[in-house]
Amino acid sequence: MAVISRDRTDKDSPVHDPLLPWLRSIKKSLDALNSSDHGGTDLDELITNCIRTFKTDGRYRNDVRWSFVVVFQMDASPDFESVFREMEQNQMCVNNSMLYESYALFLEAKGKLTDALVVYQFGISRNAEPLERLKKAKALFCDRMSEIVNACSLEKKGDTDSIENDKSCINPWSISIVKDLLRKMHSEISKYDGYHSSTKAYSGKVALSSLQKSARNKVVEIGGKKYQIKGCAGQGGFAQVFKAYVNSNPDDVVALKIQKPAFPWEFYIYRQLDKRIPDKERSSYGCAHRVHLYSDYSILVCDYLSHGTLQDAINSSVVIGEFMEEVLCMYYTIEMLYMLETLHFAGMVHGDFKPDNLLIRYPRDDLTEDGFRDRTGPWLDQGLCLVDWGRGIDLSLFPDKTEFKGDCRTSGFRCVEMQENKPWTFQASVDTYGLCVIVHMMLHNSYMEIDKKSSSDGGYLYLPKSSFKRYWQVDLWKNLFTKLLNANPSENHKELLKNLRESFQDYICSNPSLIKKLKQLLVKQRTSLFKR
């Protein structure tokens, strides 16, 4: 879900802003949706009525909050196109790039690639704002399409690319590289607990392709178990994630990641995490129970966390024109720094570090005043869980000091080196850049844009364009962005992340009232957004 922002004014009241009560009702309905397993009928009806009420109201023609409502309906509607056409007819949101990017992503997920390209071009021709973001989204789409074409060519010609052919600069996400690694490690992977492989196509009574249109309460049979689908938890161009009850038991809930073509790499990464991440920290990195591989599909069975994502937490404030409290931003920054500190020390890179892939964890017991700094007691279970390891990189499989040339192709999260078409290392990688983008989203309610500025030593520094509010802890935030956006591969990367983490911990622990406030904010967040 996209991040939106809107300047607040003194006239933000139901009298001057009749849309605001609707937005609050939508947020309330979202809270209720997260608290139970009902199908969200009330929410669907609320959004439909909201659009019916305001679709011809010129005051909201280009209001980004209105775009949020429209995109939400698009995501939930089985007839995405009709919503898009209705907005066009009423000239609503047509100058907002979010409308075109969301529709194009929907078409891409459905395999309508030509139509998706037309939508990108249509939005660009209208100069939809922010135009540069839409142009980048289109360029990344074209890159993805080029990758698909190349993959098809490789299938016909055979794999000619390998690590041995290019030891100095490697694309770790190249289809041929990944296939080469999987082929070499097949005998090892096939022995992993939970690995199930078949040379036949999936032959269950319910066709997996039918889940794209209507999945709720359908039952799919996998490996002798029946999984009752309760809803779609996320989707991309090649995979969909579903919430499911095992053997129709609501107390046994899992996430099913169904992907075509079959993709065993993510299962391999999860098993490496099992081996390398200390038990105390393992719950922060997701868990895969098993994978079922067929000739046409792969089905990854993972833990399901019901409290939403960090993106949801950001959007819950944005939709009503507010910002995340600074101490809460600091807390999640500490969590992410600790996460990357542990992960990179274990020789792993996530490769797709963004708020959609960070699930929120909550403890069973109430948080205490003690245990914050050393993550003990309930604080150990409070935090984030990093999932979706399809772009994970196992550094042990590559020569020492390898430089990478791959592009993550995720709009808004391409590190500086990717933007400038330069090689990158795991120290100055998509992970640390992604962390900076997420922090920027929490602080500013917007994606990060960077400036290249001259430094006193005759070189240059990359820094965010957005300025910091004077009442923030500016020195802490400046230090974070400066160090991570300008990381030197020769530096002690683990020590850098540790020092940054401890600088925020020191500040929060210097004032007991801040820990008390943090506890209150986390309880409020759990109550308002992620009710059980």
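Structural remarks
- The stretch 396-456 - charge dipole about Cα centre, Lys and Arg +1 at Cβ, Asp and Glu -1, debye rounded to 20: 80
- Principal axis dimensions, largest first and in whole angstrom, of the stretch 357-423 by Cα: 47, 29, 21
- Radius 9 Å from Cβ of LEU300, net charge of other residues (Lys, Arg +1; Asp, Glu -1): +1
- Computed P(r) (all Cα pairs; the stretch 379-514; 5 Å bins; percent): 2, 8, 16, 21, 22, 16, 9, 5, 2, 0
- Annotation: amide H of LYS230 within the under-5 Å range of ASN217, LYS243, ALA244, TYR245, sequence separation 5 or more or interchain, hydrogens built in the peptide plane.
- Charge context of PRO18, other residues only, Cβ under 10 angstrom, K/R +1, D/E -1: -1
- Annotation: amide H of GLY351 within the under-5 Å range of ASP431, sequence separation 5 or more or interchain, hydrogens built in the peptide plane.
- Based on every Cα atom in the stretch 304-447, Rg and the maximum pairwise Cα distance Dmax equal 16.1, 49 Å.
- Only the Cβ atoms of Lys and Arg (+1) and of Asp and Glu (-1) were treated as charged; on that basis the dipole of the stretch 359-400 about its Cα centre amounts to roughly 140 debye.
- Ordered by 1.4 Å accessible area with all protein chains kept, CYS509, CYS93 run largest first as CYS509, CYS93.
- Dipole of the stretch 235-376, positive direction: furthest Cα of HIS350, SER284, ILE258, with charges on the beta-carbon: ILE258
- The share of accessible area on the stretch 332-488 that comes from carbon and sulfur is 44 percent, using a 1.4 angstrom probe.
- Here the stretch 229-324 has 50 percent of its accessible surface on carbon and sulfur atoms, given a 1.4 Å probe and all protein chains in place.
- Taking amide H atoms as placed 1.01 Å from N in the peptide plane, the amide H of CYS169 has no partner under 5 Å among residues 5 or more positions away or on other chains.
- Under Karplus coefficients 6.51, -1.76 and 1.60, residue-wise ³J(HN,Hα) of the stretch 323-332 in Hz, glycine/proline x: 10, 5, 4, 4, 5, 6, 4, 4, 4, 5
- Of all DSSP bridge pairs formed entirely within the stretch 193-308, close to 90 percent run antiparallel.
The values are calculated or read from the model by the stated rules, or taken from the named source; none is laboratory data. Predicted, not measured: the structure shown is a model, and the values here were computed from it. Here Cβ is always computed from backbone atoms with ideal geometry, including for glycine, and neighbour counts include all displayed protein chains. Areas reflect the complete protein model, heavy atoms only, side chains present, ligands, DNA and RNA absent. Shrake-Rupley method; radii C 1.70, N 1.55, O 1.52, S 1.80 Å.
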